[in-house]
Amino acid sequence: MTASEEQLHLLKQTVSYHLRAIYHEVAPQLSVDALCKEIITLMRLDEEFHDTVPHKNNWDQQDMVLITYGNSVQQQDEAPLKTLHRFLDAEVKGFINGVHILPFFPFCSDDGFAVMDYYQVNDKLGDWDDIEAIAGDYRLMADLVINHGSSSGEWFDNFIKGEGPGHDYFYTTAPDTPVSQVVRPRTSPLLRETETADGTKYVWCTFSHTQVDFDFRNLEVLKEFIQIVRFYLDKGIRIFRLDAVAFLWKKPGTSCLNLAETHEVVRLMRSLIQHAQPDAVIITETNIPNRENLSYFGNANEAHCIYNFSLPPLLVNTLVTGNCFYLKQWLMSMPPAQNGTAYFNFIASHDGIGLRPAEGLLSDSEIASLISTMQQFGGQISWRAGDNGVKKPYEINISLFDALQGTTQGKDEWNIDRFICAHAIMLALEGIPGIYIHSLLATSNDMEKLERSGQNRGINRHEWDYEQLQSELANPESQHAKVSGLLKKLVHLRQQQRAFHPNATQFTLHMGEQLFGFWRQSMDRRQSIFCIFNVSDTPQPLRIAELNLIVTDRWWDLISGHIFDESTEVFTLAPYQVLWITNG
């Protein structure tokens with residue numbers, strides 16, 4: 001047996017183990033060996049198989065992802081994906097090497113997250129040639145909307161007819177099923193009554209009645225999604241965002257959240273994907289409390305990356321209060337990611353500022369104050385159903401630029417400085433950064449789209465006319481040009497620092513509640529960077545002796561070029577000033 005044949009044999013054993021763990025309760029008579037063989041064939045691993053290196057980092061400090069919709073930038077008479085590609089080449093090439101195009105498939109609701117056909121590109125955006133062209137120039141991240149599908153797609157039409165592809169893909173249950181413990185991000189009724197050829201059915205809808213949950217107890221659903229993964233790999237997709245995956249497995253009488261079978265499905269997906277494409281990455285989108293979110297790392301055998309969901313609410317709270325106590329407390333508690341895994345850091349996205357990940361980290365009064373401040377700045381609040389149907393705030397919907405236009409005391413003149421400080425913190429933290437296109441462009445609240453769509457999330461999903469955007473970026477006095485230029489400078493600096501590798505050492509510094517700081521050290525221990533941030537609107541003194549700078553090294557600030565030596569006893573940081581102090 002060759003080394004590759006032995007590796008394939010071991011993979012088959014691993015896949016069989018995952019399948020038994022997933023289906024031992026719902027399909028105890030399952031022929032695991034036959035199913036394993038079928039899955040290996042679907043992924044074409046019997047034709048092309050790659051060995052993997054355990055705990056290998058498929059990333060470094062140069063990796064970053066721009067998060068965007070396929071139509072966030074548009075030009076008349078041109079497919080939006082072509083316009084997006086031109087925008088990427090003009091504005092981000094050379095400093096951002098990855099792009100997350102949010103669902104670009106035909107859909108019926110939720111701006112793409114109610115997918116009607118997983119094998120087609122929405123013709124209003126472009127076609128697969130456009131997707132493959134972008135994938136040829138950038139590391140492409142795409143959504144695997146794995147928990148639910150559209151109620152307007154062919155699969156659900158066939159469900160209603162009781163025949164054809166997908167007719168048995170959706171989760172149904174009795175109307176009196178105990179569901180009071182189910183945790184969801186919405187307040188709509190969980191079960192949707194649907195008339196079918198086989199009578200009245202009650203389908204499970206975690207999110208909305210146009211997004212019907214799949215039934216992964218059905219082996220055909222699992223095989224379908226493995227086939228979809230293989231198809232996406234063939235189209236050049238290298239980063240898979242497992243959307244809403246925490247809700248995937250259902251057990252009435254439980255919370256139906258983060259169940260053991262869900263974790264096992266993620267492990268199975270990783271096992272298959274990494275042997276099909278060794279540089280491919282899985283990112284789990286689990287907008288849940290911090291401890292639960294961390295569980296999706298597994299033992300470096302589940303997600304390669306997890307969204308650092310607690311960062312956005314804690315960082316915004318820090319900058320509007322001028323106090324880093326909660327942010328620092330959280331950072332100290334975060335375990336370093338093992339090699340082969342990494343945090344995916346973001347502070348703004350197409351969704352809102354999640355409040356579930358702040359549970360247990362911010363007090364109720366702190367969250368109430370944050371909500372009140374964001375509402376003053378034009379923010380909207382979306383709600384969810386908690387245990388026993390109790391209504392709780394789920395997220396704040398607001399553009400990040402507007403969220404940071406002031407403090408709890410109101411608006412002030414520090415909007416841009418505060419905004420850049422927020423991104424400097426994210427860029428310096430352990431992990432891979434993701435920047436939302438509307439942060440890169442300093443886009444304000446889109447109140448018109450909010451009103452037009454009737455959806456709170458529309459406030460932060462502006463669609464730019466490309467010619468207008470080009471004009472704004474060409475005007476050095478516009479907020480868009482100023483912010484974009486400053487962010488690009490920070491990104492360029494980050495990419496050159498070995499100490500900013502996503503897995504480089506990180507320790508939290510203790511400098512009071514107005515100065516937030518941490519120390520990064522490169523994996524070869526040759527470079528250190530002390531990252532210091534004034535998170536308040538008043539000047540703050542920094543005693544250099546407290547940093548323990550090695551006296552034999554030369555230290556300077558990467559951003560300003562200021563040199564620190566024995567004569568520097570105290571350095572005063574201006575409001576929201578950033579220092580990245582390095583020894584090389």
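Laboratory data are not the source of any read-out in this text; all were calculated from the coordinates shown. Owing to the predicted nature of the structure, the values given are computational and were not obtained by experimental measurement. Every residue, glycine among them, receives a Cβ derived from its backbone with ideal geometry; neighbour counts consider all protein chains shown.
Taking the stated definitions as given, is ASP557 in contact with a Leu (Cβ under 8 Å, 6 or more places away or on another chain), surrounded by fewer than 20 Cβ atoms within 10 Å (Cβ to Cβ) and among the acidic types (Asp, Glu)? If you could, list the steps in order and put the result at the bottom.
Details: in contact with a Leu (Cβ under 8 Å, 6 or more places away or on another chain): yes; surrounded by fewer than 20 Cβ atoms within 10 Å (Cβ to Cβ): yes; among the acidic types (Asp, Glu): yes.
The answer is yes for ASP557.
Being part of a strand (DSSP E or B) and touching a Ser or Thr at 6+ places or on another chain (Cβ under 8 Å) is the filter here; which residues of the stretch 212-238 pass it? Spell out how you get there, then give the answer.
Of the residues in the stretch 212-238, the ones part of a strand (DSSP E or B) are 212-214, 237-238.
Selection gives VAL212, ASP213.
If a residue has to be over 26 Å from PRO502 (Cβ atoms) and either assigned to a loop (DSSP other than H, G, I, E, B) or β-branched (Val, Ile, Thr) (or both) to count, how many in the stretch 411-450 make the cut?
The first filter runs over the stretch 411-450 and keeps only residues over 26 Å from PRO502 (Cβ atoms), leaving 411-417, 443-450.
From what's left, either assigned to a loop (DSSP other than H, G, I, E, B) or β-branched (Val, Ile, Thr) (or both): 412-414, 416, 443-446.
Residues meeting the conditions: 8.
Quick check on my filter: what residues within the stretch 239-268 are more than 24 Å from SER180 (Cα to Cα) and either outside any helix (DSSP H, G or I) or more than 18 Å from the chain's Cα centre (by Cα) (or both)?
Here is the first cut: in the stretch 239-268, the residues more than 24 Å from SER180 (Cα to Cα) are 239-242, 264-268.
Scanning the stretch 239-268 gives ILE239, PHE240, ARG241, LEU242, GLU264, VAL265, ARG267, LEU268.
From the list ASP412, ASP465, ASP417, pick out the single residue that is over 25 Å from TYR307 (Cα atoms) and in contact with an Asp or Glu (Cβ under 8 Å, 6 or more places away or on another chain).
Working: ASP465 fails: in contact with an Asp or Glu (Cβ under 8 Å, 6 or more places away or on another chain); ASP417 fails: in contact with an Asp or Glu (Cβ under 8 Å, 6 or more places away or on another chain).
From the options ASP412, ASP465, ASP417, the qualifying one is ASP412.
Have a look at LEU144, LEU140 and point out the one that is touching a Phe, Trp or Tyr at 6+ places or on another chain (Cβ under 7 Å) and either more than 22 Å from THR284 (Cα to Cα) or not basic (Lys, Arg) (or both). First the steps, then the outcome.
Values: LEU140 fails: touching a Phe, Trp or Tyr at 6+ places or on another chain (Cβ under 7 Å).
None of the other options fit; the residue is LEU144.
ASP279 passes all but one of (1) touching a helix residue (DSSP H, G or I) at 6+ places or on another chain (Cβ under 8 Å); (2) of a type in the set (D, E, K, R); (3) over 23 Å from TYR394 (Cα atoms); which number fails?
The single condition ASP279 does not satisfy is (1).
Any residue at all in the stretch 396-410 that is part of a loop (DSSP other than H, G, I, E, B) and touching a Gly at 6+ places or on another chain (Cβ under 7 Å)?
Going residue by residue through the stretch 396-410, those that are part of a loop (DSSP other than H, G, I, E, B) are 398-399, 404-405, 408-409.
Applying the additional criterion that residues be touching a Gly at 6+ places or on another chain (Cβ under 7 Å) yields 398.
Looking for residues that are part of a loop (DSSP other than H, G, I, E, B) and touching a Gly at 6+ places or on another chain (Cβ under 7 Å), one finds at least one in the stretch 396-410, hence yes.
Do you know which residues across the stretch 53-100 are among the basic types (Lys, Arg) and either touching a residue at least 60 places away in the same chain (Cβ under 8 Å) or surrounded by 16 or more Cβ atoms within 10 Å (Cβ to Cβ) (or both)?
Taking the stretch 53-100 first, the residues among the basic types (Lys, Arg) are 56, 82, 86, 93.
Once the filter is applied, which keeps residues that are among the basic types (Lys, Arg) and either touching a residue at least 60 places away in the same chain (Cβ under 8 Å) or surrounded by 16 or more Cβ atoms within 10 Å (Cβ to Cβ) (or both), the stretch 53-100 yields LYS56, LYS82, ARG86.
Among the residues of the stretch 312-359, how many are part of a helix (DSSP H, G or I), within 16 Å of HIS423 (Cβ to Cβ) and touching a Ser or Thr at 6+ places or on another chain (Cβ under 6 Å)?
2
Among the candidates VAL245, VAL212, VAL221, VAL266, single out the residue that is under 19 Å from CYS305 (Cβ atoms), of a type in the set (Val, Ile, Thr) and in contact (Cβ under 8 Å) with a residue 40 or more places away in the chain.
Details: VAL212 fails: under 19 Å from CYS305 (Cβ atoms); VAL221 fails: under 19 Å from CYS305 (Cβ atoms); VAL266 fails: in contact (Cβ under 8 Å) with a residue 40 or more places away in the chain.
Of VAL245, VAL212, VAL221, VAL266, the one residue that is under 19 Å from CYS305 (Cβ atoms), of a type in the set (Val, Ile, Thr) and in contact (Cβ under 8 Å) with a residue 40 or more places away in the chain is VAL245.
Could you please tell me which pairs satisfy a Cβ distance under 7 Å, a separation of 6+ or placement on different chains, a first residue in the stretch 554-580 that is at positive phi and touching a residue at least 60 places away in the same chain (Cβ under 8 Å), and a second residue that is among the aromatic types (Phe, Trp, Tyr) and in a loop (DSSP other than H, G, I, E, B)?
So the pair list comes out as TYR576/TRP414.
From (1) closer than 30 Å to TRP128 by Cβ; (2) free of Cβ contacts under 8 Å to residues at least 40 places away in the same chain; (3) among the β-branched types (Val, Ile, Thr), pick out the condition that doesn't hold for ILE228.
Checking ILE228 against (1) closer than 30 Å to TRP128 by Cβ; (2) free of Cβ contacts under 8 Å to residues at least 40 places away in the same chain; (3) among the β-branched types (Val, Ile, Thr), the one that fails is (2).
Collect the residues in the stretch 557-584 that are of a type in the set (Val, Ile, Thr), under 33 Å from the mean Cα position of the chain (by Cα) and part of a loop (DSSP other than H, G, I, E, B), keeping them in residue-number order. First the steps, then the outcome.
Applying the first criterion (of a type in the set (Val, Ile, Thr)) to the stretch 557-584 yields 559, 563, 568, 570, 572, 578, 581-582.
From the residues that got through so far, the ones that are under 33 Å from the mean Cα position of the chain (by Cα) too are 559, 578, 581-582.
Matches in the stretch 557-584: ILE559 only.
Scanning the stretch 148-205 for residues that are assigned to a loop (DSSP other than H, G, I, E, B) and polar (S, T, N, Q), which turns out farthest from the chain's Cα centre (by Cα)? Show your work before the answer.
Here is the first cut: in the stretch 148-205, the residues assigned to a loop (DSSP other than H, G, I, E, B) are 151-153, 162-169, 171, 173-190, 197-198, 205.
Next, only the ones that are polar (S, T, N, Q) stay: 151-152, 173, 177, 180-181, 187-188.
Details: SER151: 25, SER152: 27, THR173: 31, THR177: 33, SER180: 29, GLN181: 26, THR187: 23, SER188: 25 Å.
Checking each candidate, the answer is THR177.
Any residue in the stretch 128-140 that is more than 27 Å from THR262 (Cα to Cα), of a type in the set (Ser, Thr, Tyr), part of a loop (DSSP other than H, G, I, E, B) and under 21 Å from the mean Cα position of the chain (by Cα)?
Within the stretch 128-140, one or more residues are more than 27 Å from THR262 (Cα to Cα), of a type in the set (Ser, Thr, Tyr), part of a loop (DSSP other than H, G, I, E, B) and under 21 Å from the mean Cα position of the chain (by Cα).
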